[in-house]
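The values are calculated or read from the model by the stated rules, or taken from the named source; none is laboratory data. Remember, it's a predicted structure, so these values are computed and weren't measured experimentally. Neighbour counts are summed over all protein chains in view; Cβ atoms, including those assigned to glycine, are modelled from backbone coordinates with ideal geometry.
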Amino acid sequence: MNRRTRVLTAAAVGATLALGGTAVAQSKGWRIGDHEVRVALPEGQSNPAIAGGVATGGEVALYQSSGLGPTALNPSAPANSPERYTDPALTEGAQGVTVTEAQALVVLRNIAANLKAAGLRPSDVITMKCYLMKPPGAATADYAGWNRAYRQYFANTDMGTGEVVRVPMGTSAPKAPLTVNSARPARATMEVSSLAVPGWLVEVEVTAAYPRR
């Protein structure tokens, strides 16, 4: 494929957003400029969680993170337990927070720190992969808990009005998100049989686009 005219393979909507200072074009056209990042979002939705796809021009500088998991920040929990890899300070006052959700909040905060060290922000993220393990005793991975944590850091503004969308933590009433961020990356989430660190239930990797200078 010619680097100068990468083709967007998902349908796009007629709108234009800003992603971390990079021009993010959304249109019904199929050609993309060298410095463009083009995001295809579901049509007719004011607050979609993820993009259908993302195309980048040949001159867009990208950053790929490693897979990052949660940090052991709960010394009161047993070593190597899923609860050990949560941060009680992040969920203080919230009710019904699942262990996957609590771990994901730590992971996404770690992603933000990883991006900052590379000169980027969560708003620069264009793709994301999340790997989940099912909690002990559960039949499947906790996708609902992961999605709640995700909205605390991504896709929490109304695209029509620009207003911040209140999001729930656990079963508590929705509140302002931990990080306001309009970015909707193209995302894949999958359940895996194991992760590298005993006790981890969540691992995430992202690709981010450097803003055009």
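Quick one: in the range 75-115, which of the residues that are free of Cβ contacts under 8 Å to residues at least 60 places away in the same chain and hydroxyl-bearing (S, T, Y) is surrounded by the most Cβ atoms within 10 Å (Cβ to Cβ)? The selected residue is T86. Summed over the range 163-213, the residues that are assigned to a loop (DSSP other than H, G, I, E, B) and either modelled with pLDDT under 95 or closer than 14 Å to G67 by Cα (or both) give a count of 10. Residues in the range 95-125 that are assigned to a helix (DSSP H, G or I) and of a type in the set (V, I, T) were compared, and the one that is farthest from P211 (Cα to Cα) is V99. Against the list (1) part of a helix (DSSP H, G or I); (2) under 23 Å from R187 (Cα atoms); (3) out of contact with any Cys (no Cβ under 8 Å at 6 or more places or on another chain), the condition M128 fails is (1).
For the range 134-161, the tally of residues that are surrounded by fewer than 12 Cβ atoms within 10 Å (Cβ to Cβ) and modelled with pLDDT of 95 or more stands at 6.
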